[in-house]
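Since every read-out is calculated from the coordinates, none of them should be taken as a lab result. Since this is a predicted model, take the numbers as computed values, not measurements. Don't worry about glycine lacking a Cβ; one is built from the backbone with ideal geometry, like all the others, and counts go over all protein chains shown.
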Amino acid sequence: MKINQNLSSAVLADGKIYYTCDNRLAVLSASPQKFQVLAIAVLKHGASYGSPAIAGGKLFLKEWPPLSCYDLSKVSETAR
């Protein structure tokens with residue numbers, strides 16, 4: 001994955017690290033034993049310019065231009 005710029009911070013929740021860059025969301029394992037990418041998703045509204053917020057099993061993300069909400073219960077750990 002080519003990374004052009006990053007304007008957000010990673011967020012840790014439920015044993016996973018959520019990280020946005022450009023128009024993608026990466027879900028990483030938070031294990032100190034092994035780096036593992038669990039999923040990478042293309043954001044539906046384009047680039048993200050803010051750190052994600054997580055509450056009640058939902059991920060809130062300021063995309064350009066709307067604020068989006070993603071249901072984390074629908075994210076499969078086998079998705080790539």
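Whose amide H sits under 5 Å from the amide H of Ala47, counting only residues 5 or more places off or on another chain, with H placed in the peptide plane?
Trp64
Return the distance in nm (one decimal) between the two label points of a simple spin-label model at Gln36 and Val11, each offset 7 Å from Cα along Cα→Cβ.
2.3 nm
So which lysines can Lys74 reach, going by Cα to Cα under 19 Å and dropping same-chain residues fewer than 8 places off?
Lys16, Lys44, Lys58
Kindly identify the range 18-80 as rounded, prolate or oblate by the Cα gyration tensor criterion: order the square roots of the eigenvalues as a ≥ b ≥ c, call it rounded if a/c is under 1.5, otherwise compare a/b with b/c, prolate if a/b is larger, else oblate.
Taking the square roots of the gyration eigenvalues as a ≥ b ≥ c, the range 18-80 is prolate.
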